[in-house]
Amino acid sequence: MNKMIISALLLSVTVIAGAQNITIAKQGHFSVGGRAIQREGVYDNSKFVGWAEQEETGQSYRADHAFVDFQIPADARRLPLVYVHGYGGSGVCWQMTPDGRDGFATLMLRHGWSSYVMDLPGRGRAGRTSATTAVKPVADEMFWFDIWRLGIWPNYNEGVQFPKDSVSLSQFFREMTPDLSDHRQDVPALGALADRIGDHILVTHSAGGFPGWIAAMQNPEVKAVVAYEPGGFVFPEGEVPERIDGLTGGVAGTPVPMEQFERLTQIPIVLWFGDYIPETPSENLGDENWRVRLQMARKFVETVNRHGGNATLVELPKIGIYGNTHFLMQDLNNEQLADLLDLWLKSNNLTEDRI
């Protein structure tokens, strides 16, 4: 009997939160993609240079991989969710909130969706990279406070869904991680994960949105794309809209061959945008950054649908949901947003089969 109990505990982990339990059938982590660099010569283990500096002759260096943390609940739905973070962060943005509530990936586990949370190459736990870069302690938190639409420093936006206590703000900024990547390995890493896990749904955020579109075009295993405030967009060659200028450099669409773009017309796509995004030019950096990107998102969705696709743009204030920042998945109403995502997935027939 004891052996049976121990075996059961090894095979499943029960996470308890409030009155609701999640039974995890399998969890773990792995690296995917990347390459091994081999220096010429024969390694001599009698030489000691230092802990940070090495005699590299004959030695190897594994780099440019992504790190993936996964959880598969009992009775999981067939298609897992692959979470892709944006600039300046890592997959932790999907796994926690600054004030300690359930992270978005956990909320979706409660709906039966397995999670594969990525740290893209050169970020977070995937810090071994072949790119040469300098890491400098740049004081930039007030800038990001504005860009990510928490407010205009030091004031929060009225009605904001972000926790406004100083401890939560500190936790939020401590999630940020150096970017050690040249970004050339993001799409290959997404492709390597597709090869490993098979069919899945991409869930992207911010700067993770652009490699998400490319990965969806290249990998037939991507069966849907969910994009939270994507920062960049693709269009068919010859149909790229004019650049939209703004205070943070504006936004321009990226041309791709029509035969590649057509792949995006064959899968369900949804884009979610939060609050505090104006329709007209603003003198505030955060307002401007997302004004131009929302306008380009509208053009992207129109183009996908004009070519026979199934793309939806949800502007939350237009459906009566207010106060969301750029980090929608961590906002105070992230449970409501998870419920909305689950509803969208069901309405697009992505939930029929379970493992």
(message) Return the pair list, or none, for Cβ contacts closer than 7 Å from residues in region 153-176 that are under 23 Å from Asn284 (Cα atoms) to residues that are among the basic types (Lys, Arg) and at pLDDT 95 or above, at least 6 apart or on different chains.
(response) Tyr156/Lys164; Asn157/Arg149
(message) Can you say whether Thr248 is in contact (Cβ under 8 Å) with a residue 24 or more places away in the chain, of a type in the set (Ser, Thr, Tyr), open to solvent by 20 Å² or more (accessible area, probe 1.4 Å) and in contact with a strand residue (DSSP E or B) (Cβ under 9 Å, 6 or more places away or on another chain), as far as the supplied structure shows?
(response) no
(request) State whether one or more residues within region 287-297 are touching a helix residue (DSSP H, G or I) at 6+ places or on another chain (Cβ under 6 Å) and within 30 Å of Phe162 (Cβ to Cβ). (result) yes
(request) For region 331-344, enumerate the residues that are over 27 Å from Val234 (Cα atoms), in contact with a helix residue (DSSP H, G or I) (Cβ under 9 Å, 6 or more places away or on another chain) and part of a helix (DSSP H, G or I). (result) Asn334, Glu335, Asp339
(request) Six or more apart or on different chains, Cβ under 7 Å: which pairs go from a residue in region 228-244 that's surrounded by fewer than 17 Cβ atoms within 10 Å (Cβ to Cβ) to one that's among the small types (Gly, Ala, Ser) and modelled with pLDDT of 95 or more? Could you list them? (result) Arg243/Gly250; Arg243/Ala252; Ile244/Gly250
(request) Tell me the helices (runs of 4 or more DSSP H) entirely within region 107-210 that contain at least 1 residues that are among the hydrophobic types (A, V, I, L, M, F, W, C), open to solvent by 20 Å² or more (accessible area, probe 1.4 Å) and farther than 20 Å from Val225 by Cβ. (result) 141-147, 166-174
(message) Against the condition open to solvent by 30 Å² or more (accessible area, probe 1.4 Å) and either in contact with a strand residue (DSSP E or B) (Cβ under 8 Å, 6 or more places away or on another chain) or farther than 24 Å from Leu202 by Cα (or both), how does Gly320 come out, does it pass?
(response) yes
(message) Just to check your reading of the model, which residue among Val117, Val92 is β-branched (Val, Ile, Thr) and either closer than 25 Å to Leu285 by Cα or in contact with a strand residue (DSSP E or B) (Cβ under 7 Å, 6 or more places away or on another chain) (or both)?
(response) Val117
(message) Looking at Leu271, Leu316, Leu285 in this structure, which one is within 21 Å of Gln336 (Cβ to Cβ), in contact with an Asp or Glu (Cβ under 7 Å, 6 or more places away or on another chain) and aliphatic (A, V, I, L, M)?
(response) Leu316
(request) Could you please tell me which pairs satisfy a Cβ distance under 7 Å, a separation of 6+ or placement on different chains, a first residue in region 131-146 that is under 15 Å from Asp179 (Cβ atoms), and a second residue that is open to solvent by 50 Å² or more (accessible area, probe 1.4 Å) and outside any helix (DSSP H, G or I)? (result) Ala131/Asp182; Val135/Pro178
(request) Determine whether Phe261 is of a type in the set (Phe, Trp, Tyr), more than 20 Å from the chain's Cα centre (by Cα) and open to solvent by less than 20 Å² (accessible area, probe 1.4 Å). (result) yes
(message) Against the definition (at pLDDT 95 or above, among the β-branched types (Val, Ile, Thr) and part of a helix (DSSP H, G or I)), how does Val314 come out, yes or no?
(response) no
(message) Just the residues that are within 20 Å of Thr312 (Cα to Cα) and touching a Pro at 6+ places or on another chain (Cβ under 8 Å), please, taken from region 240-254.
(response) Val240, Gly253
(message) Can you say whether Ser12 is at pLDDT 95 or above and surrounded by 12 or more Cβ atoms within 10 Å (Cβ to Cβ), as far as the supplied structure shows?
(response) no
(request) Residue by residue through region 328-339, note down the ones that are open to solvent by 20 Å² or more (accessible area, probe 1.4 Å) and either under 15 Å from the mean Cα position of the chain (by Cα) or among the charged types (D, E, K, R) (or both). (result) Glu335, Asp339
(request) Kindly indicate the residue of region 271-296 that is among the acidic types (Asp, Glu) and more than 16 Å from Gly231 (Cα to Cα) and also most open to solvent (accessible area, probe 1.4 Å) among those meeting that condition. (result) Glu283
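The values are calculated or read from the model by the stated rules, or taken from the named source; none is laboratory data. Because the structure is predicted, anything quoted here is derived from the model rather than measured. No Cβ is skipped: glycine too gets one built from the backbone with ideal geometry, and neighbour counts run over all protein chains shown. With ligands, DNA and RNA removed, areas are computed over all heavy atoms of the protein, side chains included. Shrake-Rupley method; radii C 1.70, N 1.55, O 1.52, S 1.80 Å.
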